[in-house]
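Everything on this sheet refers to the single structure shown next.
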Amino acid sequence: MFARISLPQNSVPDLASPETFVRQIAGLAITNSVNLLGVSVGQVLLVGEEKKASTSESDIAPLPEGAKALTFSISVNGAYPALARFLTELENLRRPIKIDNTGLTSAQTETGSELVLLISGRVPYLGK
């Protein structure tokens, strides 16, 4: 018999699993030689009943098929080609990602100019 394939479960898990998502982001940063400046994830319900979505969350388009969303924000810095690779690989993760905003800023530092990529978006989970 064939072993059961767990790819769909890994792609859109039942629980939000923010720790798994953050580990994937950290791995992408290392692989692409960018500095991970920060990662933040939105609130996740662990136990109890879900409250009505806040106004700011209801202003963005919902994910398809009623999936719940874990919001995130990532900031990384590095050379432009490395930042572009990081963004491409982030979009190609096994877990689907809805990127809502991106921004690229440049700042002058003692060592020269520095590029910072800011990404905010959502990753779906089933919420069972």
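In region 77-128, Rg over Rh equals 1.11, where Rg is the alpha-carbon radius of gyration and Rh the Kirkwood radius from pairwise Cα distances. Within the shell defined by Cβ-Cβ distances under 15 Å, the residues around N77 carry a net charge of -1, with Lys and Arg each +1 and Asp and Glu each -1.
Taking all protein chains as they are arranged and a probe of 1.4 Å, the heavy atoms of R23 leave approximately 150 Å² accessible to solvent. Derived scalar couplings between HN and Hα for region 19-24 equal 5, 5, 5, 5, 4, 5 Hz in order, rounded to whole Hz, by the Karplus curve 6.51 cos²θ - 1.76 cosθ + 1.60 (θ = phi - 60°), x for Gly and Pro.
The values are calculated or read from the model by the stated rules, or taken from the named source; none is laboratory data. As the structure is a prediction and not an experimental result, all values here were calculated from the model. Quick reminder, even Gly has a Cβ in these numbers, built from the backbone with ideal geometry, and neighbours come from all protein chains shown. Ligands, DNA and RNA are stripped out before the accessible areas are found, and what is left, the full protein with its side chains, is counted by its heavy atoms. Shrake-Rupley method; radii C 1.70, N 1.55, O 1.52, S 1.80 Å.
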